[in-house]
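A.B. asks: My questions will all concern the structure given below.
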Amino acid sequence: MTDATDAASSGLTVALVHGAFADSSSWNGVVEQLQAVGVAVQAVSNPLRGITADAAYVASVIRQIPGRVLAVGHSYGGATITNAAPNTGNVVGLVYVAAFAPDEGETLGAIEGDSKDSVLNSALLELQYPTGQGTETAAEFAIDPAKFHDAFAADLTEKQAAVMAATQRPVAAAAFAEPNGKPGWKNLPSWAVVATGDKAAGSDVVRSMAQRAGAAITEVEGSHVIMISQPQAVTDVIRQAIDRITQ
């Protein structure tokens, strides 16, 4: 594994991109562990307004990070880094954590529809938000707090899940309906953490997308929020990726 000296001299920054119904604090445990071994790390806020807009924003943030970047995405954040990476110039690898790795032209809604493991659609509440065009509104989704624990964070305590449900960030329906663009995984090495108890994205579709991308797959027993419940396991995979990239 990379030690502090190797990590500091590699000129590599790990950019962590959260997914839907979450924020950058979901990476706190991973950030702490990476910082403990001297790895430069930045958690990027994902706007959650749609693939095109979110990928453009995340790509802009990553381009402004000096040196090479290992992009890590959780859930919808995986789709975001997939679309953002080709427009950065400094991303040298991708890590998918219970994440989507879509191909060009696919929609996340169609991918989710093929999952036999996901129960997310039955747990969603549809809300409206202003688009900024007069009185026009658009749809966004949140997870029903009563279903948050079972659908999203089953290996956390009920109390932890209740806090996450109360602080969740809704995601625009466009995130699931917009076709994805050119995928970064076709030209970059990739790694994937598949949470075997993932009932949100769905373990089955996460695994199949990772296999299609040619990712080095690590399966970990846990829920969709595996980076919270098992930050060490996720950090270990990120460090494996750093080792490969910095050889």
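A.B. asks: Label the stretch 155-235 by shape, choosing from rounded, prolate and oblate, from the square roots a ≥ b ≥ c of the eigenvalues of the Cα gyration tensor; if a/c is under 1.5 it is rounded, and otherwise prolate applies when a/b is larger than b/c, oblate when it is not.
C.D. replies: oblate
A.B. asks: Give me the 1.4 Å probe accessible area per residue for the chain, excluding ligands and nucleic acids, in Å².
C.D. replies: 40 Å²
A.B. asks: Here is a follow-up. Give the carbon-plus-sulfur fraction of the accessible surface of the chain in %, rounded to a whole number; probe 1.4 Å, heavy atoms of protein chains only.
C.D. replies: 50 percent
A.B. asks: How charged is the neighbourhood of Gly214? Take every other residue with its Cβ under 15 Å from the Cβ of Gly214, and add Lys/Arg as +1 and Asp/Glu as -1.
C.D. replies: Every neighbour counted, the sum reads +3.
A.B. asks: Still on this structure, I have one more. For the chain, what is the charge dipole size about the Cα centre, in debye to the nearest 20, if Lys and Arg each add +1 at the Cβ and Asp and Glu each add -1 at the Cβ?
C.D. replies: With Lys and Arg at +1 and Asp and Glu at -1, about 560 debye.
A.B. asks: Using a/c under 1.5 as the rounded threshold, could you call the stretch 18-78 rounded, prolate or oblate? The axes a ≥ b ≥ c are square roots of the C-alpha gyration tensor eigenvalues, and prolate needs a/b larger than b/c, oblate otherwise.
C.D. replies: oblate
A.B. asks: I've got another one for you. With every protein chain present, what accessible area does Val193 have (1.4 Å probe, heavy atoms only), rounded to the nearest 10 Å²?
C.D. replies: 0 Å²
A.B. asks: So what does Ser25 come to for accessible area, using a 1.4 Å probe and Å² rounded to 10?
C.D. replies: 70 Å²
A.B. asks: Count the lysine pairs in the chain whose Cα atoms sit under 29 Å apart, keeping only pairs 8 or more residues apart in sequence or on different chains.
C.D. replies: Step by step, the pairs that qualify in the chain add up to 10.
A.B. asks: What 222 nm value per residue comes from the helices of the chain, counting each DSSP H run with n ≥ 4 as -39,500 (n - 2.57) and dividing by all residues, nearest 500 deg cm²/dmol?
C.D. replies: -10500 deg cm²/dmol
A.B. asks: Just name one of Ile111, Ile81, Ala151: the one whose Cα is farthest towards the positive end of the charge dipole of the stretch 76-182 (beta-carbon charges, Lys/Arg +1, Asp/Glu -1).
C.D. replies: Farthest towards the positive end: Ile81.
A.B. asks: Here's another thing I want to ask about it. Under the classification rounded if a/c is under 1.5, otherwise prolate if a/b is larger than b/c and oblate if not, where does the chain fall, given a ≥ b ≥ c as square roots of the Cα gyration tensor eigenvalues?
C.D. replies: prolate
The values are calculated or read from the model by the stated rules, or taken from the named source; none is laboratory data. As the structure is a prediction and not an experimental result, all values here were calculated from the model. Virtual Cβ from ideal backbone geometry, glycine too; neighbours counted across all protein chains shown. Surface areas here come from the heavy atoms of the whole protein model, side chains and all, with no ligands, DNA or RNA. Shrake-Rupley method; radii C 1.70, N 1.55, O 1.52, S 1.80 Å.
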